[in-house]
Amino acid sequence: QVQLVESGGGLVQPGGSLRLSCAASGSIFGFYVMGWYRQAPGKQRELVASITNDGRTTYADSVKGRFTISRENTKNTVYLQMNSLSPEDTAVYYCNLHLSDRDYWGQGTQVTVSS
């Protein structure tokens, strides 16, 4: 059983920054990928960024240069540093762990960018 606990969402003004954290616990071993997805109202859930446990990263085009994903393998924790936020980044952000062909999800954290 794997559990993901997210933190760090909230309300921020355009141009501001937020840092999301996701701590994973449970039976986690071998190769796995951790990442962040987001879902805005009326839209499909989309990949924001992901990182493998050997450090390879992937970013959505819309966040390249503004968001940075990182992880601490010893803590099974992944972070998403979000800079230069815009209203278009408003969404519920979900932490994801892909392990042994299974996907695990966090409960989601709301990020609202508004003046």
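Counting only the backbone N, which residues of the range 80-115 are under 16 Å from the spot 7 Å out from the Cα of Phe29 toward its beta-carbon?
Of the residues in the range 80-115, 99-101 have backbone N under 16 Å from the label point off Phe29.
What percentages, rounded to whole numbers, describe P(r) for the range 61-111 computed over all alpha carbon pairs with 5 Å bin width beginning at zero?
5, 15, 23, 27, 19, 10, 3, 0
Just to be sure I understand: if I project the alpha-carbon convex hull of the range 1-43 onto a plane and average over all orientations, what area do I get in nm²?
Result: 4.7 nm².
Within the chain, which is the longest segment that contains none of the chymotrypsin sites (Phe, Trp or Tyr not before Pro) sitting in a DSSP loop with at most 14 other Cβ atoms within 10 Å?
Between the exposed loop sites, the longest stretch runs 32-115.
Within the range 48-115, report the trypsin sites (Lys or Arg not before Pro) that DSSP leaves as loop and that have at most 12 other Cβ atoms within 10 Å.
Of the trypsin sites (Lys or Arg not before Pro), the ones in loops of the range 48-115 whose Cβ has at most 12 other Cβ atoms within 10 Å are Arg56, Lys64.
Putting +1 on Lys and Arg Cβ atoms and -1 on Asp and Glu Cβ atoms, find which of Thr68, Ser50, Gly26 reaches farthest to the positive end of the dipole of the range 1-76.
Projecting each Cα onto the dipole axis, the largest value belongs to Thr68.
Only four residue types carry charge here, +1 at the Cβ of Lys and Arg and -1 at the Cβ of Asp and Glu. Report the dipole size of the chain about the Cα centre in Debye, rounded to the nearest 20.
It works out to roughly 100 debye.
At what distance in angstrom do the alpha carbon centres of the range 61-97 and the range 10-31 lie from each other?
The two parts, judged by their Cα centres, are 6 Å apart.
Percent relative contact order of the chain, based on C-alpha pairs within less than 8 angstrom and at least six residues apart?
36
Please identify every one of the trypsin sites (Lys or Arg not before Pro) in the range 7-44 that sits in a loop by DSSP and has no more than 14 other beta carbons within 10 Å of its own beta carbon.
For trypsin sites (Lys or Arg not before Pro) across the range 7-44 that sit outside H, G, I, E and B with at most 14 neighbouring Cβ atoms in 10 Å, the list reads Lys43.
With all pairs of different alpha carbon atoms counted, what Kirkwood hydrodynamic radius in Å does the range 49-89 show?
Taking the inverse mean of 1/r over all distinct Cα pairs, the range 49-89 comes out at 11.0 Å.
Could you tell me the calculated FRET efficiency between Thr68 and Gln1, based on Cβ-Cβ distance and R0 = 25 angstrom, to the nearest 0.05?
0.25
Read-outs throughout are calculated quantities, based only on the coordinates presented, and are distinct from any laboratory measurement. Bear in mind that the values here come from a model prediction, so they are computed numbers and not experimental data. Please note: Cβ atoms are built from the backbone with ideal geometry, for glycine as well, and neighbour counts cover all protein chains shown.
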